[in-house]
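Engineer: Please see the structure below; I have some questions.
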Amino acid sequence: MKAADFLYHRAGSVAEAVTLLDEYAGEARLLAGGQSLMPMLNMRLWRLGALIDVNQVPGLDGIEAEGEGDLEETRIGALTRYVSLERSEVVASRLPLLAEMVRHIGDRQVRNRGTLGGSLVQGDPTAEMPLGCLVLGARVRVESGRGSREIAMGEFYDGSYAAALEFDEMVTEIRFPRHPSHFAFSELTRRHGDFCVLSVAVTGECDSDGCWHDLRIGLGGVSDMPVPAEAASARLSGTRLTDDDIREAAALTVEDIDPPSDMRATAEYRTHLVPVHVRRALQQLRARASATELLTRTRENR
Amino acid sequence: MNEFVEAPAAPKETTRQEESLKHRLIGTSVPRTEDERLLRGDGRFTDDVQFAHQLEMAVGRCPFPHARILSIDVSRALELEGVKHVLTGEQVREQSAPLTVLRPVPGAPQLPYYALAQDKATYEGQPVVSVVAVSRALAEDAIELIEIEYEPLPHVSDAIAALEEGAPLLHPQSLASNLLASNGDRAGEPEARIEAADVVLRSRMRIGRVTPLPMETRGVVAVWRPGARELSIHTSTQVPHLVRKQLAESLRIGEECIRVSASDVGGGFGMKLGVYPEDVLASLHAMALRRPVKWIEDRMEHFRASTHGRESIHDYCLAADAEGRFVAMTNTYTTDIGGWNSPFGSSQLSSVIFTGPYRVADAAVERRVAMTNKTPVGAYRGYGQPEVNFALEVLVDRLARKLGKDPLALRELNMLRPEDLPWTVPSGAVYDSGDYLRTLRMAAEAVDYAAHRASPRVPRPDGRILGIGLSSFVERTGYASARFLANRGSKFGAHESVTLRANRSGTIDLYTGVSSIGQSSETAFAQICAEVLGVDFDAVRVHSGDTASSPLNTGAFASRTLIAAAGALREAALPFRDKTLRLGAWALGIAPEEAVIEGYEVRHRDDADKRVPLSDVFSRAILGQGIPHDETPGLETTAHFEPPSAAFSFGTAAAVVAVDPETGEFSVERFVMVHDCGVAVNPMIVEGQVRGALVQGLGAALGEELRYDAVTGQLLSGSMLDYAVPRAADVPPIELLHTEVPSPVTTFGVRGVGEVGTIPPGAAIANALCDALADYGVEFSALPITPESVWRALQAARESTQGAAA
Ligand SMILES: Cc1cc2nc3c(=O)[nH]c(=O)nc-3n(C[C@H](O)[C@H](O)[C@H](O)COP(=O)(O)OP(=O)(O)OC[C@H]3O[C@@H](n4cnc5c(N)ncnc54)[C@H](O)[C@@H]3O)c2cc1C
């Protein structure tokens, strides 16, 4: 379990990194936290011409809050470590779903090294960050010698472990629009911090009259990439999320999944679990919203 | 929570109790000697051993479960700069003999298991070529350049299927079928009793394949000095003296040329019991190159190259009368031994304790050892006992449900009482002593069993239903005797040995062949030795695991070390103490009877002014100066001790689970273990051993599983990513309770304690789930039990009730 020889470059800038990527024409990879890349090299599942270390590139690891209200936007540098997301006050207040999800990743060591950009590019279908970014409507900023572009999370994957990037492209930043008012997250793992059997993230807005809209339901671990459950979201729009609404919507989610059978669970079991976990996540969403509402009303009355 | 409960008063125990009250060190939680070096990072594991000019070895392994090797071309590997030597099967056959088995299955033929595959390989991961190079990475590069042409052969990975007519044969030259051997034990007339019984339960129970997974994988450093004719082996093993013997056999050189040492061993769990192919390969390379060769098993290799554990299928039959009294029991079980006989052979303990702690006179057991195209199975903590406990204890609860009885009451009814012991089981083994019932009642009380039993199984506000499950067990620890072992074909003895040697600093060097595998033997040995001698604990320094300095012994396994070593320590320490007293008394001018050893000196019993330091007494002995004329110089004793019989530990575990009937998700909210290991030499060590083994037992019960693909025969969970071993955060809260009934068959009344925790978790959890889901009527017949298996059990129960309704 020792990696075969490779060349090592330490890039000093994004420009240098993408130039090197271009020169190696697909034979090189960027090294971020190394939490997926190094095991693959050591297990000799991958043989590379070169590693381009981007850990010293300045300016890739910031968390910035911009704008207010509907124009609110949060920008997170690709090299931002999980641990920084966990500890950031900006993330806690502006992207609370992400803050909750990041704590489910691996263990302390993994979270000290692993990065948001690395996780997105790695594209593990069970990973937390791709699901969170999908549900939050994030956009991924990508640079190459040919210029830059932005890819919506919904279009970021061609398949499992397959980010829709060209070989000379590098992710530099992830941009999040204003966070939905309400959210809930539920995941089933075999062990604490393990890759999940399945995960569910839900968000939505609730009017003062108790009607819900803009619901988003994302499912992890049950397809070759995180998937939105669109039919279920549509079913719930304009409802009050009654138990019946929730049950019917949850039942629709099985249309959107294509779960694998692996050591963690069979496809059959995952198929049984998805509607149950969606139902429970939605009930939690509803409960949290009424708790918030109660809190606001109590404050107003005072 | 940890509580030592006094043993029940019985006449022969009173003296024991009194004796143990006199003890100064035995029974106290002396902090572990081993901890300081381990916590400071000063441990010396195999990879910490470095030599000048050392080379590294990598092994090329068969990627198929069963394949003929048509050709091997090593030329491109040899051209790579830095590659020093390559071995293939042909050279290995010329230069060495097949690996020997320490514990052959009686009646089994010797299989020609060479260090490298000969014409074919019979498991995924079997070594096929080995390369030595200046670095491990380079050696791995070279392996990739070796061209091996395989012809995949039909394979069989299921032990039951392997025994069926027409199954692909693994070793047609040696065996006409895949049955390596079968043997049985019986007592009374079980068949007739089953025939006449009121209730008969039969079930097939499957215990999954797991890996012991020590933190330190295997490893070896081989150094050959031809001029000295010395092969020095540093290796991660539980049995240095046995590895020496086996290496001598495989390498065809005398044992006198081989020195094996193991300093710190990062866990063994039965898996490091004897020689492996890589030990022979590293030696052959080192001898050919005359340079030190190191091989450290990496984690991916470990999952395929080190012996697995457990996998077995038990066809049990439990027969009872209408009240629930057990009248007969039979168990025909198949153990899956994999592609070759492992160095330690197949487990036999299922046959010894298959009747559990119960009074059943009519019983029969038959073991079948099946060969399959998988990694060999070897010893693993518990070795046959967790397997059979799961099968039997799940059946006991099933019987209780069938009869509408309380599982606790059913156990009470059938359990052996103290006055029934000693009790001989069908294998001829003798349960020595104990109060089994008491542990059952303590466990039940700790989880408030009675109140739970009386309440309905309704979901809590979180939707989960609570259940409680019990599992009682008897565990064989140690070996009956060398005679007993000889009958079963063992190539090792039942004794332990120690050498005590005085040094001029006034302290005592204690030499043992037992390597330090985390079992705390260094601490416990020093406690016993210091106890008998009267010196301070710190005055005894233990040196372990080097065949060049230790007397010949057996090794650290089968929960047997202390059982035998306690006697050896006492036998060595008594003459050592007497001579120290004679020499000390002579120096003081007093009679030996007036002298005592205390701390670091010999002094007059009543006159504190008359004292002489041990450094003085020992120096006199070593120099032969200032000692009585009739004394010989030197102060060194060696003792070998074989216990007259095995001691049986016992206890009961209770699991409290909370299960979600919609998804099958569940958690173990409490796990209570009541356990008796006789006199605890060091209660803290006992607790650590029980907890550690419980975690392994819980892992195997709840998720650990080496699964092979049904079609390709490939290992599906051969990495830390897929193999769900529990980590600290996954371990349920464990509560330990102890009783302390001294064993009458061992020195100081000790019983073994290293393995016991692996035994009861599977059955306790299965029974707790069945209890929680009593209204649904679920059954479990296989380990591990995952949320998915609970969900499937619920589905099956629903289908059968629907079927019944239709
Ligand atoms: C023990 C363990 C447990 C884990 N558990 C979990 C878990 O529970 N959940 C989970 O989601 N993940 C888990 N992971 C995976 C972890 O999250 C990885 O860190 C993550 O997938 C990759 O991020 P990284 O920064 O380490 O990337 P690296 O490993 O350095 O790179 C991963 C891939 O992304 C590419 N890459 C990295 N940065 C960029 C960039 N800026 N632009 C373009 N390409 C880039 C690399 O070239 C490589 O192909 C676990 C890992 C380990 C070792």
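Just so you know, all these numbers are worked out from the coordinates, no wet-lab data involved. Not measured: the values here are computed from a predicted model. Quick reminder, even Gly has a Cβ in these numbers, built from the backbone with ideal geometry, and neighbours come from all protein chains shown.
Engineer: Would you mind getting me the FRET efficiency between A:Ala162 and B:Val200? Use the beta-carbon distance for r and R0 = 56 Å, nearest 0.05. Mind dumping the intermediate values first?
Structural biologist: On the way: r = 57 Å, r/R0 = 1.02.
According to the calculation, E is roughly 0.45.
Engineer: Are there GluC sites (Glu not before Pro) in segment B:42-86 that DSSP puts in a loop and that have at most 11 other Cβ atoms within 10 Å, and which ones?
Structural biologist: Sites meeting the loop and neighbour criteria: B:Glu81.
Engineer: Give me the mean projected area, in nm² to one decimal, of the convex hull enclosing the Cα positions of segment A:7-53.
Structural biologist: 3.0 nm²
Engineer: Between B:Phe51 and B:Asp709, what is the label-to-label distance in nm when each label sits 7 Å out along the Cα-to-Cβ direction?
Structural biologist: Modelled inter-label distance: 4.1 nm.
Engineer: Please list the non-local residues whose amide H lies under 5 Å from the amide H of A:Leu215, H modeled 1.01 Å from N, same-chain partners needing a gap of 5 or more.
Structural biologist: A:Glu205
Engineer: Sticking with this structure for a sec: Let me check I have the definition right: for chain A, take the eigenvalues of the Cα gyration tensor, multiply each by 5, take square roots. What are those semi-axes in whole Å, largest first?
Structural biologist: Working: eigenvalues 248, 102, 52 Å².
With the √(5λ) rule applied to chain A, the semi-axes are 35, 23, 16 Å.
Engineer: From the backbone phi of segment B:604-615, what are the Karplus-calculated ³J(HN,Hα) couplings (6.51 cos²θ - 1.76 cosθ + 1.60, θ = phi - 60°) in whole Hz, Gly and Pro given as x?
Structural biologist: 5, 3, 10, 10, 5, 6, 8, 8, 9, x, 4, 4
Engineer: Report the per residue volume, in Å³, of the convex hull enclosing the C-alpha atoms of segment A:182-301.
Structural biologist: Given the Cα convex hull of segment A:182-301, per-residue volume reads 97 Å³.
Engineer: When the convex hull of the C-alpha atoms of segment A:238-302 is computed, what volume per residue in Å³ does it have? Intermediate values should be presented prior to the final figure.
Structural biologist: Working: hull volume 6.1 nm³, N = 65.
Value for segment A:238-302: 93 Å³ per residue.
Engineer: Over the whole of A:259-268, what's the average partner chain Cβ count within 10 Å per residue? Rounded to a whole number, please.
Structural biologist: Other-chain Cβ atoms within 10 Å of each residue's Cβ, averaged: 3.
Engineer: Further question on the same structure: Loop only by DSSP, 15 or fewer other Cβ within 10 Å of the Cβ. Give me the GluC sites (Glu not before Pro) in segment A:117-172 that pass, ordered by residue number.
Structural biologist: Loop-located and lightly packed - A:Glu166.
Engineer: What whole-number distance in Å separates the alpha-carbon centres of segment A:82-121 and segment B:647-674?
Structural biologist: What the calculation gives is 34 Å, centre to centre.
Engineer: Please enumerate, by chain and number, the aspartates and glutamates with C-alpha under 12 Å from the C-alpha of B:Lys374, excluding those fewer than 8 residues away in the same chain.
Structural biologist: Partners found: B:Glu124, B:Asp158, B:Glu311, B:Asp336, B:Asp709.
Engineer: Could you calculate the FRET efficiency of B:Arg252 with B:Met720 from 1/(1 + (r/R0)^6), where r is the beta carbon distance between them and R0 is 45 Å, rounded to 0.05?
Structural biologist: 0.70
Engineer: Dipole of segment A:63-177, Cα-centred, from +1 at each Lys and Arg C-beta and -1 at each Asp and Glu C-beta, to the nearest 20 debye?
Structural biologist: 400 debye
Engineer: Another question, then. Given the C-alpha centroids of segment B:162-239 and segment B:530-572, what is the distance between them in whole angstrom?
Structural biologist: Using only Cα atoms, the two centres lie 30 Å from each other.
Engineer: Related question: Say the dipole of segment A:182-301 comes from +1 at the beta carbon of Lys and Arg and -1 at that of Asp and Glu; which of A:Gly210, A:Gln283, A:Ala229 then lies farthest toward its positive end?
Structural biologist: It is A:Gln283, whose Cα lies furthest towards the positive end.
Engineer: So if I take the alpha carbon set of chain B, get Rg, then get Rh from the Kirkwood formula, what is the Rg over Rh ratio?
Structural biologist: A ratio of 0.99.
Engineer: Let me ask something else. Go through segment B:262-325 and name the GluC sites (Glu not before Pro) that are in a DSSP coil and have 13 or fewer other Cβ atoms within 10 Å of their Cβ.
Structural biologist: In loop regions of segment B:262-325 (DSSP not H, G, I, E or B), the sparsely surrounded GluC sites (Glu not before Pro) are B:Glu323.
Engineer: Then there's this: Work out from phi, with θ = phi - 60° and the Karplus expression 6.51 cos²θ - 1.76 cosθ + 1.60, the ³J(HN,Hα) of each residue of segment A:250-267, listed in order in whole Hz, and give x for Gly and Pro.
Structural biologist: Values, residue by residue: 4, 5, 6, 5, 5, 5, 8, 10, 9, x, x, 10, 8, 4, 7, 5, 8, 4 Hz.
Engineer: Let's see if you can work this out: charge +1 on each Lys and Arg Cβ, -1 on each Asp and Glu Cβ, no other charges. What is the dipole magnitude of chain B about its Cα centre, in debye to the nearest 20? Spell out each step's value before the answer.
Structural biologist: Details: 78 positive and 104 negative charges, 189 e Å.
It works out to roughly 900 debye.
Engineer: Sticking with this structure for a sec: Rounded if a/c is under 1.5, else prolate if a/b beats b/c, else oblate: with a ≥ b ≥ c from the C-alpha gyration tensor eigenvalues square-rooted, which is segment B:25-89? Kindly include the intermediate steps, with their values, before the conclusion.
Structural biologist: Numbers: a/c = 5.53, a/b = 2.21, b/c = 2.50.
It is oblate, given that a/c is not under 1.5 and a/b is not larger than b/c.
Engineer: For segment A:63-177, what class follows from the C-alpha gyration tensor (a ≥ b ≥ c being the square roots of its eigenvalues): rounded when a/c is under 1.5, otherwise prolate if a/b is larger than b/c, else oblate?
Structural biologist: Taking the square roots of the gyration eigenvalues as a ≥ b ≥ c, segment A:63-177 is oblate.
Engineer: Related question: Starting from the Cα of B:Lys610, draw a straight line to each of the lysines and keep only those under 26 Å, dropping any in the same chain fewer than 8 residues away.
Structural biologist: Leaving aside lysines fewer than 8 places away in the same chain, those within reach of B:Lys610 are B:Lys22, B:Lys579.
Engineer: Now for a separate question. Starting from 0 in steps of 10 Å, tell me what percent of the Cα-Cα pairs of segment B:471-557 lands in each bin.
Structural biologist: Values per bin, smallest distances first: 16, 39, 30, 13, 3, 0.
Engineer: Distance between Cα centroids, segment B:65-79 to segment A:185-248: provide it in whole Å.
Structural biologist: For segment B:65-79 versus segment A:185-248, the Cα centre distance is 53 Å.
Engineer: Sticking with this one: What are the residues whose amide H is under 5 Å from the amide H of B:Ala494, where those residues sit 5 or more places off or on another chain and H is modelled from the backbone?
Structural biologist: B:Ala482
Engineer: I've got another one for you. If you consider only alpha-carbon coordinates, what radius of gyration and Dmax does segment B:113-234 have, in Å?
Structural biologist: Every Cα atom of segment B:113-234 included, Rg and Dmax give 23.3, 75 Å.
Engineer: Which one, B:Gln625, B:Gln95, B:Leu716, is farthest towards the positive end of the dipole of the protein assembly as shown when Lys and Arg carry +1 and Asp and Glu -1 on their Cβ?
Structural biologist: Of the candidates, B:Gln625 comes out farthest on the positive side.
Engineer: Now a separate question. What does the charge dipole of chain A about its Cα centre add up to, to the nearest 20 debye, if the Cβ of each Lys and Arg holds +1 and the Cβ of each Asp and Glu holds -1?
Structural biologist: Using Cβ point charges on Lys, Arg, Asp and Glu, chain A gives about 1120 debye.
Engineer: Treating cross-link reach as a plain straight distance, find the aspartates and glutamates whose alpha-carbon is under 13 Å from the alpha-carbon of B:Lys405, omitting any fewer than eight places away in the same chain.
Structural biologist: Candidates past the 8-residue exclusion: B:Asp321, B:Glu323, B:Asp397, B:Asp771.
Engineer: Karplus couplings for segment B:103-109 from phi (6.51 cos²θ - 1.76 cosθ + 1.60, θ = phi - 60°), rounded to Hz, Gly and Pro as x?
Structural biologist: Running phi through 6.51 cos²θ - 1.76 cosθ + 1.60 with θ = phi - 60° gives 10, x, 6, x, x, 8, x Hz.
Engineer: Amide H to amide H under 5 Å from A:Arg10: which residues, 5+ apart in sequence or cross-chain, H placed 1.01 Å off N in plane?
Structural biologist: A:Asp53
Engineer: Ok, one more. Using only the alpha carbons, work out the radius of gyration and Dmax of the protein assembly as shown in angstrom.
Structural biologist: Calculated on Cα positions, Rg and Dmax stand at 32.4, 108 Å.
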